Amino acid sequence: MVKGRQGERVRLYVRGTILGYKRSKSNQYPNTSLVQVEGVNTKEEVAWYAGKRMAYIYKAKVKQNGSHYRCIWGKVTRPHGNSGVVRAKFKSNLPPKSMGARVRHLGLLWNRSPIQDWSPQILWAMGFLPCDVSQPMFGKHQNKRGRVILQCSSP
């Protein structure tokens, strides 16, 4: 490891830009979003991303689970046109304010592994956890539905 780069984070995702909803001349279909993945310029390159997950992360005013950041998960369904744009379906339709915003494409990670199974170190490296997991402030517990929640409390 290079001496000056010890504490640097590694980016385990590819950036993408939300272009808008799928549409025809007079209708738009908000259940499918169009995303331009960084560095993807042809229809053939899109094939590798099909079926992989992406995340739209946004900041909210009210804290939820100890964080102002929230996430809408989506999946790449197919290519759109010949220029490397992908169609993606998100768990809930993306809000109009997301147009032009960034998404994180997690194709570099495992394809169908649920977020609960990822190690906290991977989540912290991606920027999903605001504090270092080696700190004693880090906690992992289950909510009412039995889902694992990762939480960091600020000092």
Going by a ≥ b ≥ c, the root eigenvalues of the Cα gyration tensor, does the range 10-111 fall in the rounded group (a/c under 1.5), the prolate group (a/b larger than b/c) or the oblate group? oblate
Counted neighbours (other Cβ, 10 Å), sorted fewest up, put THR32, THR42 in the order THR42, THR32
What FRET efficiency do you get for LYS59 and GLN28 if R0 is 25 Å and r is their Cβ-Cβ distance, rounded to the nearest 0.05? 0.45
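Here, each number is a calculation from the coordinates, and none is a lab measurement. Nothing here was measured: the structure is a model prediction, and the numbers come from that model. Ideal geometry is used to build each Cβ from the backbone, glycine not excepted, and the neighbour counts take in all protein chains shown.
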